[in-house]
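Colleague: Below you'll find the structure I mean.
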Amino acid sequence: MLEYINRRGSDCYKWDSECAEGCLPLWIADMDFRAAAPIRRAMQSRLDHGVFGYSIVPQQNYDAVSHWFARRHGWHGISRENLLYATAVVPAISAIFAALKTRIMNADTTRQRCTPLRILTFTPAYNCFFACIENMGCELVASPLVLKDNRFEINWEELEQKAERADVFLLCNPHNPTGRVWTRDELTRMADIMRQHGLYVISDEIHCEFAFPGHEYTPFATIARDDTDFCVCTSASKAFNIAGLLCANIYVPNHELHEQINHALEVHEVNGLNPFGLVAQVAAYNESEQWIDELNEYVYANFCYLRDYIESQLPMLRIHETEGTYLGWVDVSALGKTAEAFCHDLARTSHVLFNPSEMYGAEGYIRVNLATSREVLAEALARLKDYIDKK
């Protein structure tokens, strides 16, 4: 059963950061629901053991991941031989960048050592993508999504042009922050373009459990051809609200690339796992399917509430149809100020926190975290309306 928890005073980044004091935080992508009962029982059993030393990854973790994606998403073929573990998806992506740079340098002996790895990705983009690219000394090649009929679409001609001068395609599937759930046809076309231009594909699928009615998550691995070089990053962390337990998975079907990424994970020291994360993942994938179904229904209802409220009470704003994730993407450009200035003023005067779109490489939007109680969402929107009415 889904249960909302008041997290204030629990040393929670979302609620207890200095900037969140006294505010309703609908910003950081972190949920306010208690983890599923099977997860808590599994962690309690591990706690009762009383020893928390270094852990190995047992076979049951590989089986849990494999069975979950086969049963729920039609993705078959995940095995111990093609799965790697990391503390989280973001540090995994950084390590993969490092592995790919070495791989590409070795394959192209004419390339200078100081030449940055060129990373193609859609914008707006998850802000940590920008951080990974910058911190690893890579170069961003941005392909902006375009708005058509209240839906963000791919500019296919531009994507192909950008692919000609990139090395790696970093995909977010489903997409954060716009909430697009890429269709099978879209993913197939992406894969074809990247294969034709020799790009490696990294697909971040951490939001894969969130697809609203009428939309279906398609694992990139299920459309990739055998001659496509790619890896897929997943984690139970986002869906089951266990991000602090640090456990993520990387699917790498190419054996040589698997070994190179494994080496990079060791070099970057992001392959040591929390024993609680391991047992939590098994309990999530083996025993918590009903909980995730209830969560999806609740988040979708929250999105409908947000959409209806904006349409009826705040018509100067515009909300784009979210297809998945638990994030709303709202156009506030009609208010006549930057999203960053708007969010800063709203937090200062009305004590509501949203993420401004500048951090995602876009202008005029706010990102709204819907993974909270209806009461918190309703109060935040009421404060938003009061703020706008007074301006």
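The values are calculated or read from the model by the stated rules, or taken from the named source; none is laboratory data. Remember, predicted model here, so these are calculated numbers, not experimental data. So basically every Cβ, Gly included, is an ideal-geometry build from the backbone, and we count neighbours across all protein chains shown.
Colleague: Can you say whether ASN249 is surrounded by fewer than 19 Cβ atoms within 10 Å (Cβ to Cβ) and in contact (Cβ under 8 Å) with a residue 60 or more places away in the chain, as far as the supplied structure shows? Even if it seems obvious, please write down each step before you answer.
Modeller: Numbers: surrounded by fewer than 19 Cβ atoms within 10 Å (Cβ to Cβ): no; in contact (Cβ under 8 Å) with a residue 60 or more places away in the chain: yes.
Judged against the criteria, ASN249 is not a match.
Colleague: Can I ask one more? Restricting the search to the stretch 17-65, which residues are polar (S, T, N, Q), touching a residue at least 12 places away in the same chain (Cβ under 8 Å) and surrounded by fewer than 20 Cβ atoms within 10 Å (Cβ to Cβ)? Even if it seems obvious, please write down each step before you answer.
Modeller: Step one: filter the stretch 17-65 for residues polar (S, T, N, Q), giving 17, 44-45, 55, 59-61.
Filter again for touching a residue at least 12 places away in the same chain (Cβ under 8 Å), leaving 45, 55, 59-61.
SER45, SER55, GLN59, GLN60 - these are the residues of the stretch 17-65 that are polar (S, T, N, Q), touching a residue at least 12 places away in the same chain (Cβ under 8 Å) and surrounded by fewer than 20 Cβ atoms within 10 Å (Cβ to Cβ).
Colleague: Please name all residue pairs, on different chains or six or more residues apart, with Cβ atoms under 6 Å, provided the first residue is in the stretch 141-167 and is farther than 18 Å from VAL201 by Cβ and the second residue is among the aliphatic types (A, V, I, L, M) and modelled with pLDDT of 95 or more.
Modeller: Within 6 Å, the pairs are PHE152/LEU145; GLU153/VAL146; ASN155/VAL146.
Colleague: Can you confirm whether the stretch 299-309 contains a residue that is in a helix (DSSP H, G or I), touching a residue at least 40 places away in the same chain (Cβ under 8 Å), within 30 Å of SER66 (Cβ to Cβ) and out of contact with any Gly (no Cβ under 7 Å at 6 or more places or on another chain)? Even if it seems obvious, please write down each step before you answer.
Modeller: Here is the first cut: in the stretch 299-309, the ones in a helix (DSSP H, G or I) are 299-309.
Subsequent filtering for residues that are touching a residue at least 40 places away in the same chain (Cβ under 8 Å) retains 299-303, 305-306, 309.
With within 30 Å of SER66 (Cβ to Cβ) added as a condition, the list becomes 299-300.
Still in the running and out of contact with any Gly (no Cβ under 7 Å at 6 or more places or on another chain): 299-300.
There is at least one residue in the stretch 299-309 that is in a helix (DSSP H, G or I), touching a residue at least 40 places away in the same chain (Cβ under 8 Å), within 30 Å of SER66 (Cβ to Cβ) and out of contact with any Gly (no Cβ under 7 Å at 6 or more places or on another chain).
Colleague: Can you name the number of the only condition in (1) assigned to a helix (DSSP H, G or I); (2) surrounded by 13 or more Cβ atoms within 10 Å (Cβ to Cβ); (3) modelled with pLDDT of 95 or more; (4) not basic (Lys, Arg) that LEU171 fails?
Modeller: Condition not satisfied by LEU171: (1).
Colleague: Among ALA334, ALA339, ALA378, ALA347, which is the only one that is over 26 Å from GLU209 (Cα atoms), out of contact with any Leu (no Cβ under 9 Å at 6 or more places or on another chain) and among the small types (Gly, Ala, Ser)? Before the answer, list the steps.
Modeller: Working: ALA334 fails: out of contact with any Leu (no Cβ under 9 Å at 6 or more places or on another chain); ALA378 fails: over 26 Å from GLU209 (Cα atoms); ALA347 fails: out of contact with any Leu (no Cβ under 9 Å at 6 or more places or on another chain).
None of the other options fit; the residue is ALA339.
Colleague: While we're looking at this one, here's another question. Just give me the residues in the stretch 161-210 being in contact with a helix residue (DSSP H, G or I) (Cβ under 6 Å, 6 or more places away or on another chain) and small (Gly, Ala, Ser), in sequence order.
Modeller: ALA163, SER203
Colleague: Next question, about the same structure. Residue by residue through the stretch 151-168, note down the ones that are among the hydrophobic types (A, V, I, L, M, F, W, C) and part of a strand (DSSP E or B).
Modeller: Going through the stretch 151-168, the residues among the hydrophobic types (A, V, I, L, M, F, W, C) turn out to be 152, 154, 156, 159, 163, 166, 168.
Selection gives PHE152, VAL168.
Colleague: I've got another one for you. Could you look through the stretch 32-57, keep only residues that are closer than 28 Å to TYR217 by Cα and assigned to a loop (DSSP other than H, G, I, E, B), and pick out the one that is farthest from the chain's Cα centre (by Cα)?
Modeller: VAL57
Colleague: Outside any helix (DSSP H, G or I) and either basic (Lys, Arg) or in contact (Cβ under 8 Å) with a residue 60 or more places away in the chain (or both): does that describe ALA362?
Modeller: Numbers: outside any helix (DSSP H, G or I): yes; either basic (Lys, Arg) or in contact (Cβ under 8 Å) with a residue 60 or more places away in the chain (or both): yes.
Yes: the conditions hold for ALA362.
Colleague: So which of TYR326, TYR309 ends up being touching a Phe, Trp or Tyr at 6+ places or on another chain (Cβ under 6 Å) and either closer than 20 Å to MET31 by Cα or not small (Gly, Ala, Ser) (or both)? Explain how you work it out, then say what you get.
Modeller: Details: TYR309 fails: touching a Phe, Trp or Tyr at 6+ places or on another chain (Cβ under 6 Å).
Of TYR326, TYR309, the one residue that is touching a Phe, Trp or Tyr at 6+ places or on another chain (Cβ under 6 Å) and either closer than 20 Å to MET31 by Cα or not small (Gly, Ala, Ser) (or both) is TYR326.
Colleague: To continue, here is another question. Given the criterion assigned by TED's automatic domain parsing to the domain that holds ALA221 and out of contact with any Lys or Arg (no Cβ under 8 Å at 6 or more places or on another chain), identify the matching residue among ARG165, ARG189. Explain how you work it out, then say what you get.
Modeller: Values: ARG165 fails: out of contact with any Lys or Arg (no Cβ under 8 Å at 6 or more places or on another chain).
So the residue among ARG165, ARG189 that is assigned by TED's automatic domain parsing to the domain that holds ALA221 and out of contact with any Lys or Arg (no Cβ under 8 Å at 6 or more places or on another chain) is ARG189.
Colleague: Find the residue count for the stretch 139-150, including only residues that are under 19 Å from TYR126 (Cβ atoms) and either in a strand (DSSP E or B) or out of contact with any strand residue (DSSP E or B) (no Cβ under 6 Å at 6 or more places or on another chain) (or both). Talk me through it step by step, then tell me what you get.
Modeller: Within the stretch 139-150, the subset under 19 Å from TYR126 (Cβ atoms) is 139-147.
Pick out the ones that are also either in a strand (DSSP E or B) or out of contact with any strand residue (DSSP E or B) (no Cβ under 6 Å at 6 or more places or on another chain) (or both) and you get 139-144, 146-147.
The number of residues fulfilling the criteria is 8.
Colleague: Also, I was wondering about something else. For the stretch 80-126, what are the residues that are part of a strand (DSSP E or B), touching a residue at least 60 places away in the same chain (Cβ under 8 Å) and under 23 Å from GLY179 (Cβ atoms)? Give the steps one after another, and end with the answer.
Modeller: Filtering the stretch 80-126 for residues part of a strand (DSSP E or B) gives 83-86, 118-123.
Now restrict to residues that are touching a residue at least 60 places away in the same chain (Cβ under 8 Å): 83-86, 120, 123.
If the condition is that a residue be part of a strand (DSSP E or B), touching a residue at least 60 places away in the same chain (Cβ under 8 Å) and under 23 Å from GLY179 (Cβ atoms), then LEU120, THR123 are the ones that fit.
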